[in-house]
Amino acid sequence: MNNNNASASHQNFSQEHLKSPLILPFAAAAKMEQPPEPTAKRSYWRFSKEDFFPEPTFENFSTYRSAVAKTPQRLKDRLLSRSSDDTELVVLKKQSENSMHQCLTWWDLMWLGFGSVVGSGIFSLTGQEIHDHAGPAIVLSYAISGLSALLSVFCYTEFSVDIPTAGGSFSFLRIELGDFLAYIAAGNILLEAIVGAAGLGRSWSSYFASVISSNPDLLRIKIDSFPEGFNLLDPLAVGILALCNGIAMSGSRRTSILTWVSSLISAGVIIFIIIVGFIHADTSNLVPFFPYGPKGMFTAAAVVYWSYTGFDMVATMAEETKKPSRDIPLGLVGSMSMITIIYCLMALALAMMVKYTEVDVNAAYSVAFEKIGMKWAKYLVGICALKGMTTSLLVGSMGQARYTTQIARSHMIPPYFALVHPKTGTPIYATLLVTTLSCILSLFSSLDVLSSVFSFSTLFIFMLMAVAVLVRRYYVKDVTPRNDHVKFLGCLFVIFGSSIGVTVFWCLNKGGWIAYVVTGVFWLIGTLGLAFLPRKQSPKVWGVPLVPWLPSLSIFINIFLIGSLGVVAIWRFVIASAVMLVYYVLVGVHTTYDVAHQEEPELKIEEGKANENQGTS
C-alpha cells in the first residue's frame, strides 16, 4: 500500500514539474503517448514560487535535503560537464518563452561598441598617465592596450558568430570550459558591471555638478548620521541609472538608434579636439619621448586599458543581430579598430599641445584648451564626457541584462529572470534586477568605495576566452586522441607558466634581461608546440586569424596586465568568488543538475520512437 501511494505521489510530482513552462524544454511530458492538454498562455507579469524554483530539488524541504546529501556526486557531474552549441542556441532560449527581436545590423553594433567604450576614461586617464608614467609615449601605451583589446575582440567575434546567443562569454565558456568556470567568471564580471554602473552613475553626477559649479557634491544630500563613504546620498545618480535602464527596457532598436545618433555627435566633437590639437601642436613637446622608460609606458598601458573595456557587453547582443556572420565581425572588429585609432590620435594631440610635465592631471584637455585661449572648449569636453558616460550606461544596461538572462536560462539563478517580454523583446525582469542593485549602490556608496571593489574580472575573462578558442580548435570530447590531449594541456601549461614568469619578474623588477629571454623562449616553445598539433575543429564562418599565436599572445598580455593590478584586486576576486562558490554549492549545482538530467527521459523516448518507426517501416 505504501509503495502504491509513493508511486502515485511520484507520478503527480513528475507531471506537475514537467508541465511547468520553465522546465518544459527539458521534460519528456511533451513526448508522452497521450495527446497534450491545451494550456493557456501565461501572463508575462507574474510572480510565484514555481517561476523562481521549478526544479524537483526545491519542491519541498525534504527533496532539498535529499539533494544536498548528494552534493559531492552532483558537483562532480557539473564540474565534468560541458554545454553544447545546440543547448545554448536552441534549448535554453525556450526558457524565455518569447524571442528577442532580431533588429540590429553591423552599423548598430559598431556604434553600440563605440558608445559603450568611449566614455570619460580617455579624458580623465590620459592626463594622469602622460604626467605620471608615460610622457609622450602615452601614444604607444594606448596602441598596446588597443592591440590587447583587439585580440580579445577576435576571440569574442569567433564565438559570437558561431553561437549568436545572449550569454556572451558565459555561454562560450560554458561550452568549452564547463559550468563551474563559466559561473565563477560570469558572476564576477556581472558583479563588476553592476558596481561599475553604480560608479559611472556617481561620476555622471559629479561631472554634471562640475559643469555648473566648482563643487562636485553640489547635487548630493549629506546625512551626518551615516558612516563616511556612505553619507552623501546621490539621487541624480539613481535618476540617470533608472532613465538609461528604462530606455534599454523599451526596446533594443530604440536604444541602438539613440546610441548611434549621440555617438556620431560625440565623434564629431572628438575629431574637432584632434584637429585643434594638431593645429596648435609643438613637436618639441615630444622630446624626450620615453621620460620614464619602457616600464612607465607599460604601467600606463595597464591603466588606460580600462578605456577599452565595454565591448564584451556588445557581444551579448549577438542574439538580436539580423545576420550574425556579417554583422558581428564588422561591428565588433570595426568599432575597436576605430576606437584604437581615435585614442592614439587624441593622446598624440595632447602630448604635442602641452609638455608632459605641465599637463593637468585632473582636467588635461580642458586646461590645454584654456592655454590656447579656448576657454569655452572645456564645456565641449564636459558635454562629450557626459554623453560618453550616458551611452556607456545605456549599452551596459543592455549587456548586463542579457548576461543575467542567459545565466537564468541555465537555472544558475531563478529562471524568472530569463523571461522576455512579448512586445518589447527585452528581458525586463533581468534589467530590473541589475537596475535595482546598481541604484542602491549608487545612492549610498561614494566613488572611493566603489572603485576599491574593481578587480581583474574583465582581464580574467578575456584570458579565459583566449583559452576557450584554443580548446575549441584543438580538443573535441571523445574525438581527440589522449596523446594529443596531453600534449595540448602541456603546451597550455608552458604558455601559462612563462606568462606568469614574465609578469612576476616585471612586477618585482628582478631577473634582468636574461629572465625575460628565458621565459619568452618558453612561451615561444609552448605556442609553437600548439601550432604543430592537429586541429580538431574549424570555425563555422569567421575565425580568429593566426591561431594559436594570437590567442596565446592574448593570454600573455592579459596575465601581464592582471599582474599590474595589485594585491587588493586579487583578494577582492578571491573573496567574491568564495561567496559565489557557497551559493553555487547550495543552489546552483542542484538546479543545473536537475535541468541537465531532465533531458535524459526525452532522449530515451525519442530513441524508442525512432526504433518503433524503423520496425514498422
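The values are calculated or read from the model by the stated rules, or taken from the named source; none is laboratory data. Owing to the predicted nature of the structure, the values given are computational and were not obtained by experimental measurement. Glycine gets a Cβ as well: all are built from the backbone with ideal geometry, and neighbour counts include every protein chain shown. Surface areas here come from the heavy atoms of the whole protein model, side chains and all, with no ligands, DNA or RNA. Shrake-Rupley method; radii C 1.70, N 1.55, O 1.52, S 1.80 Å.
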Taking the stretch 211-242 as the region of interest, how many residues are touching a Leu at 6+ places or on another chain (Cβ under 8 Å) and assigned to a helix (DSSP H, G or I)?
8
Only one residue in PHE272, PHE278, PHE208 is closer than 30 Å to ALA351 by Cβ, outside any loop (DSSP other than H, G, I, E, B) and modelled with pLDDT of 90 or more, so which one is that?
PHE278
Within the stretch 224-236, the residues that are open to solvent by 50 Å² or more (accessible area, probe 1.4 Å), over 17 Å from SER438 (Cβ atoms) and of a type outside the set (Asp, Glu) are SER225, PHE226, PRO227
Taking SER203 and the conditions (1) of a type in the set (Gly, Ala, Ser); (2) at negative phi; (3) open to solvent by 10 Å² or more (accessible area, probe 1.4 Å); (4) outside any helix (DSSP H, G or I), which numbered condition does it fall short on, given that it satisfies the others?
(4)
All positions within the stretch 368-382 that are closer than 22 Å to ILE265 by Cβ and either in contact with a Cys (Cβ under 7 Å, 6 or more places away or on another chain) or in a helix (DSSP H, G or I) (or both)
ALA368, PHE369, ALA377, LYS378, TYR379, LEU380, VAL381, GLY382
Among the numbered criteria (1) in contact with a strand residue (DSSP E or B) (Cβ under 8 Å, 6 or more places away or on another chain); (2) at pLDDT below 90, which single criterion is violated by PRO235?
(2)
Selection over the stretch 56-86 where residues are open to solvent by less than 30 Å² (accessible area, probe 1.4 Å) and either within 19 Å of PHE180 (Cα to Cα) or hydroxyl-bearing (Ser, Thr, Tyr) (or both) yields a count of 8
Considering residues that are in contact (Cβ under 8 Å) with a residue 60 or more places away in the chain, over 27 Å from the mean Cα position of the chain (by Cα) and farther than 19 Å from LEU553 by Cα, the number found within the stretch 477-508 is 0
Output the residues belonging to the stretch 350-383 that are surrounded by 19 or more Cβ atoms within 10 Å (Cβ to Cβ) and not aliphatic (A, V, I, L, M).
TYR356, TYR365, SER366, PHE369, GLY382
Could you check how many residues of the stretch 528-559 are at pLDDT below 90, open to solvent by 70 Å² or more (accessible area, probe 1.4 Å) and under 24 Å from the mean Cα position of the chain (by Cα)?
2
Could you give every pair whose Cβ atoms fall below 7 Å, whose first residue belongs to the stretch 567-588 and is assigned to a helix (DSSP H, G or I), and whose second residue is open to solvent by 80 Å² or more (accessible area, probe 1.4 Å) and modelled with pLDDT under 85, counting only separations of at least 6 or pairs across chains?
ALA569/PHE454
If a residue counts only when it is more than 26 Å from TRP106 (Cβ to Cβ) and at pLDDT below 90, which helices (runs of 4 or more DSSP H) contained entirely in the stretch 119-178 have at least 2 such residues?
121-129
So which residues in the stretch 320-346 are in a helix (DSSP H, G or I) and open to solvent by less than 10 Å² (accessible area, probe 1.4 Å), if there are any at all?
GLU320, ASP327, ILE328, GLY331, LEU332, SER335, MET336, ILE339, TYR343, MET346
Within the stretch 368-380, can you find the residues that are closer than 15 Å to ILE274 by Cα and at pLDDT 80 or above?
ALA368, PHE369, ILE372, MET374, LEU380
Does any residue of the stretch 100-108 turn out to be modelled with pLDDT of 90 or more, surrounded by fewer than 23 Cβ atoms within 10 Å (Cβ to Cβ) and in a helix (DSSP H, G or I)?
yes
Please list, ordered by first then second residue, the pairs with beta carbon atoms under 6 Å, 6 or more apart or interchain, first in the stretch 96-117 and aromatic (Phe, Trp, Tyr), second open to solvent by 30 Å² or more (accessible area, probe 1.4 Å).
TRP106/LEU330; TRP111/TRP260
Among the numbered conditions (1) in contact with a strand residue (DSSP E or B) (Cβ under 7 Å, 6 or more places away or on another chain); (2) closer than 18 Å to GLN128 by Cα, tell me where LEU348 comes up short.
(1)
Looking only at the stretch 399-416, count every residue that is in a helix (DSSP H, G or I) and either buried (at least 24 other Cβ atoms within 10 Å of the Cβ) or charged (D, E, K, R) (or both) and tell me the total.
12
Output the qualifying pairs, or none if there are none: Cβ atoms under 7 angstrom, residues six or more apart or on different chains, first residue in the stretch 247-270 and under 16 Å from GLY331 (Cα atoms), second residue hydroxyl-bearing (Ser, Thr, Tyr) and assigned to a helix (DSSP H, G or I).
THR259/THR391; SER263/THR391
